[in-house]
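One structure below.
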Amino acid sequence: MTTTGAHPPRYRGAAGQPTLDSWQEGPHNRWTFAHLGEMLPTASVPRHFPSAPAAATERLGSLAVPGLRQRLEESYTDAFLVLHRNTVVAEYYRPGFAPDDLHLVMSISKSMCGLVVGALVDSEEIVTSHRVVHYVPELAGSVYDGPTVQHVLDMALHLNYSEDYLDPSSEVQTHDRSAGWRTRRDGDPQDTYEFLTTLTGNGTVTHNGSGGTFQYCSANTDVLAWIIERVTGLRYSEALSKYLWSKLDADRDATITVDSSGFGFANGGVSCTARDLARVGRLMLDDGVGPAGRVVSEGWVRSILAGGDREAMADASFTGIHPHGSYTRQWWCTGNERGNVTGIGIYGQYLWIDPATDTVIVKLSTWPEPDSGHLHELQNQLLLDVSRSLDQPLASQEIPTEETAQESKETAA
């Protein structure tokens, strides 16, 4: 087992980590009895029954998009929301899924992590030109021994890491097993920290004498989360709350999966409601300011909206849809005439930002396969069609709160 240094404790004053064998015993039980979801699989006992309407909940009439409901259904939509300025102008929730239900957002989690890094860059606690090992010396000898924080933010480094989600021999599946997302195998790293120390590769690969060539790799985001823990002394889940979620005036707490060490799965483990996810997008359109305060500087947001290095983009599946696309600071940038920027997660998760109409579109889905070129094309066209339909003014309507969401759910039920 590789030593990965000291990590933030699960609770103040903890002597070691609670385990499946020790969580019931004192002193760990002072914390575990109130945080059992980190130790054992748990199920909600909803305060309302049934917990979700049997029929779809929809409010789509304000959008002039032909066949919208059918297109949502054909693309396996669970939740769809359009936030125009500060007004929700359209929503759809499939049968059995309620407006205040949490949904896994997969790699949109990466974009949230990028915002936390941005907050710490603004406060000068992280310097993006510093090498990764300046913050996490335990990564010396790995592929991260050399690249800078900026390389990791932009995924501008080469790793021996296959992101083939369906290949049992791929690094992404080993990554999942280390994080507790799949059944462990003999010889697997004990946790995500240890897994990250095992990664190899060429590091930065230059093009035209400048920065690294893009390679999408989920491990990069977890490295950023490790850096966040080191500079703040907080667990990643706590940092995500302090620097982002607490600033959004969210209706509900978000959740994040954790590994055996309590390390949050920053690259894909966040779950939240569609409405609260829209607030993350709204933050981007409000120059980095949330209802409860600034999260990142206007400059950080502007750098994302301006797009990354197009010459570095080497992902044909993305440029096949967005020829001028790029990636920067954990966000996908389409480079199209509307300036659309998006967070994307496998199985059809999108947080789509349309600066031209001051609009955020959330689409949460459960595609039958993780990554489908056909469904990406359908979904991107749908998001563009919705964006274009908003070029004309729409009637206003207040953004629902958690209380009005519950009323809507009970009425539908």
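Among residues of the range 336-356 being touching a strand residue (DSSP E or B) at 6+ places or on another chain (Cβ under 9 Å) and open to solvent by 10 Å² or more (accessible area, probe 1.4 Å), the one that is farthest from VAL105 (Cα to Cα) is ARG338. Name every residue in the range 322-342 that is among the β-branched types (Val, Ile, Thr) and out of contact with any His (no Cβ under 6 Å at 6 or more places or on another chain), in order of residue number. Hits for the range 322-342 are THR328, VAL341, THR342.
Every test in (1) part of a loop (DSSP other than H, G, I, E, B); (2) under 17 Å from TYR93 (Cα atoms) is passed by ALA34 save one, and that test is (2). The one condition from (1) within 29 Å of GLU311 (Cβ to Cβ); (2) buried (at least 22 other Cβ atoms within 10 Å of the Cβ); (3) not basic (Lys, Arg) that ALA239 does not meet is (1). Please work out if TRP367 is within 19 Å of TYR93 (Cα to Cα), in a strand (DSSP E or B) and not small (Gly, Ala, Ser). For TRP367, the condition - within 19 Å of TYR93 (Cα to Cα), in a strand (DSSP E or B) and not small (Gly, Ala, Ser) - is not met.
Candidates ASP251, ASP191: the one that is among the charged types (D, E, K, R), under 22 Å from VAL295 (Cα atoms) and either in contact with an Asp or Glu (Cβ under 6 Å, 6 or more places away or on another chain) or touching a residue at least 24 places away in the same chain (Cβ under 8 Å) (or both) is ASP251.
In the set (1) buried (at least 17 other Cβ atoms within 10 Å of the Cβ); (2) over 23 Å from the mean Cα position of the chain (by Cα), the condition left unmet by GLY187 is number (1). Of all the criteria given as (1) open to solvent by 10 Å² or more (accessible area, probe 1.4 Å); (2) closer than 30 Å to TYR93 by Cα; (3) over 13 Å from the mean Cα position of the chain (by Cα), the one not satisfied by THR255 is (3). If you check SER317 against the conditions, is it polar (S, T, N, Q), open to solvent by 10 Å² or more (accessible area, probe 1.4 Å) and touching a Phe, Trp or Tyr at 6+ places or on another chain (Cβ under 7 Å)? In short, no.
Does the range 59-70 hold any residues that are outside any loop (DSSP other than H, G, I, E, B) and either surrounded by fewer than 11 Cβ atoms within 10 Å (Cβ to Cβ) or modelled with pLDDT under 95 (or both), and which are they? Of everything in the range 59-70, just one residue is outside any loop (DSSP other than H, G, I, E, B) and either surrounded by fewer than 11 Cβ atoms within 10 Å (Cβ to Cβ) or modelled with pLDDT under 95 (or both), namely GLN70. The residue that is most open to solvent (accessible area, probe 1.4 Å), among those in the range 292-314 that are within 9 Å of GLY325 (Cα to Cα) and charged (D, E, K, R), is ARG310.
Yes or no, residue by residue, for (1) open to solvent by less than 30 Å² (accessible area, probe 1.4 Å); (2) assigned to a helix (DSSP H, G or I); (3) at pLDDT below 95; (4) not hydroxyl-bearing (Ser, Thr, Tyr):
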residue	(1), (2), (3), (4)
GLY114	yes, yes, no, yes
GLU125	no, no, no, yes
GLY141	no, no, no, yes
HIS151	no, yes, no, yes
MET155	yes, no, no, yes
SER162	no, no, no, no
PRO168	no, no, no, yes
ASP176	yes, yes, no, yes
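Of the helices (runs of 4 or more DSSP H) lying entirely inside the range 214-322, those carrying at least 1 residues that are farther than 19 Å from GLY118 by Cβ are 219-232, 274-285, 316-319. PRO53 passes every criterion in (1) surrounded by fewer than 16 Cβ atoms within 10 Å (Cβ to Cβ); (2) at pLDDT below 95; (3) of a type outside the set (A, V, I, L, M) apart from (1).
Restricting attention to the range 370-388, the residues that are over 20 Å from TYR93 (Cβ atoms) and either of a type in the set (Gly, Ala, Ser) or open to solvent by less than 40 Å² (accessible area, probe 1.4 Å) (or both) total 7. Among the residues of the range 1-38, those that are among the β-branched types (Val, Ile, Thr) and within 23 Å of THR197 (Cα to Cα) comprise THR2, THR3, THR4, THR19.
Would you check if VAL121 is within 24 Å of VAL296 (Cα to Cα), open to solvent by 10 Å² or more (accessible area, probe 1.4 Å) and modelled with pLDDT of 95 or more? The answer is yes for VAL121.
Within the range 73-112, the residues that satisfy the criterion of being part of a loop (DSSP other than H, G, I, E, B) and of a type in the set (Asp, Glu) are ASP100, ASP101. Which members of the range 258-284 meet the condition of being open to solvent by less than 30 Å² (accessible area, probe 1.4 Å) and farther than 22 Å from SER218 by Cα? Correct list: THR273, ALA274, ARG275, ASP276, ALA278, ARG282, LEU283, MET284. Out of LEU104, LEU40, one residue alone is open to solvent by 50 Å² or more (accessible area, probe 1.4 Å), closer than 24 Å to SER261 by Cα and in contact (Cβ under 8 Å) with a residue 40 or more places away in the chain. It is LEU104. Could you tell me whether THR213 is surrounded by fewer than 21 Cβ atoms within 10 Å (Cβ to Cβ), farther than 22 Å from ARG177 by Cα and at pLDDT below 95? Taking the combined requirement at face value, the residue satisfies it.
The values are calculated or read from the model by the stated rules, or taken from the named source; none is laboratory data. Being a predicted model, the structure only gives us computed values, none of them experimental. In this analysis, Cβ positions are derived from the backbone assuming ideal geometry, glycine residues included, and neighbour counts consider all displayed protein chains. To get the accessible areas, we keep the full protein, side chains included, count just its heavy atoms, and leave off ligands, DNA and RNA. Shrake-Rupley method; radii C 1.70, N 1.55, O 1.52, S 1.80 Å.
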